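Working notes for the structure below.
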């Protein structure tokens, strides 16, 4: 009994923070798949405050799907996977706005204020699901 050195203490990370390559692959697949689908839905409903709600919903869907795919693991690695899914959803949304609604690419990239606010909200919700 008493203080032990690091080797003798046999320190390990908590299991919910342990992420194997298989869990990373499953989480990445879920983030990309749900991100693409959520981005397509988000591209259909892009306007104003409803677009903000759809962005928040997309973040929730992506965060929850990554959480389920990684067996409810938490940590920075899982949060990065969810963030990548949200960025993919935003890119798909922009591509749909340009192709389906004939929006100007300059507007989508530079002046879409509601889009960037919705992106921040979606990122916040997705990462918040994985804390």
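Which residues, counting only those in region 11-43, are over 19 Å from the mean Cα position of the chain (by Cα) and within 30 Å of residue 93 (Cβ to Cβ)?
none
Can you name every residue in region 70-89 that is farther than 22 Å from residue 41 by Cβ and either surrounded by fewer than 24 Cβ atoms within 10 Å (Cβ to Cβ) or touching a strand residue (DSSP E or B) at 6+ places or on another chain (Cβ under 9 Å) (or both)?
Once the filter is applied, which keeps residues that are farther than 22 Å from residue 41 by Cβ and either surrounded by fewer than 24 Cβ atoms within 10 Å (Cβ to Cβ) or touching a strand residue (DSSP E or B) at 6+ places or on another chain (Cβ under 9 Å) (or both), region 70-89 yields 71, 72, 73, 74, 75, 76, 77, 79, 80.
Somewhere in region 103-114, is a residue within 13 Å of the chain's Cα centre (by Cα) and on the phi < 0 side of the Ramachandran plot?
no
Among what's in region 90-99 and is surrounded by 12 or more Cβ atoms within 10 Å (Cβ to Cβ) and more than 13 Å from the chain's Cα centre (by Cα), pick the residue that is farthest from residue 56 (Cα to Cα).
It comes out as 98.
Determine whether residue 40 is surrounded by 24 or more Cβ atoms within 10 Å (Cβ to Cβ), under 30 Å from residue 111 (Cβ atoms) and touching a residue at least 24 places away in the same chain (Cβ under 8 Å).
Criteria not met by residue 40.
Looking at region 11-36, which of its residues are in contact (Cβ under 8 Å) with a residue 24 or more places away in the chain and either assigned to a loop (DSSP other than H, G, I, E, B) or surrounded by 16 or more Cβ atoms within 10 Å (Cβ to Cβ) (or both)?
18, 19, 23, 24, 26, 27, 28, 30, 31, 32, 34, 35
It is to be established whether one or more residues within region 3-10 are within 20 Å of the chain's Cα centre (by Cα), modelled with pLDDT under 90 and surrounded by fewer than 17 Cβ atoms within 10 Å (Cβ to Cβ).
Within region 3-10 (the criterion being within 20 Å of the chain's Cα centre (by Cα), modelled with pLDDT under 90 and surrounded by fewer than 17 Cβ atoms within 10 Å (Cβ to Cβ)), the answer is no, since none of the residues qualifies.
Among the residues of region 50-69, is there at least one that is more than 18 Å from the chain's Cα centre (by Cα), surrounded by 17 or more Cβ atoms within 10 Å (Cβ to Cβ) and either at pLDDT below 95 or part of a helix (DSSP H, G or I) (or both)?
No, every residue in region 50-69 fails to be more than 18 Å from the chain's Cα centre (by Cα), surrounded by 17 or more Cβ atoms within 10 Å (Cβ to Cβ) and either at pLDDT below 95 or part of a helix (DSSP H, G or I) (or both).
The values are calculated or read from the model by the stated rules, or taken from the named source; none is laboratory data. Quantities reported herein were computed from a predicted structural model and do not represent experimental measurements. Don't worry about glycine lacking a Cβ; one is built from the backbone with ideal geometry, like all the others, and counts go over all protein chains shown.
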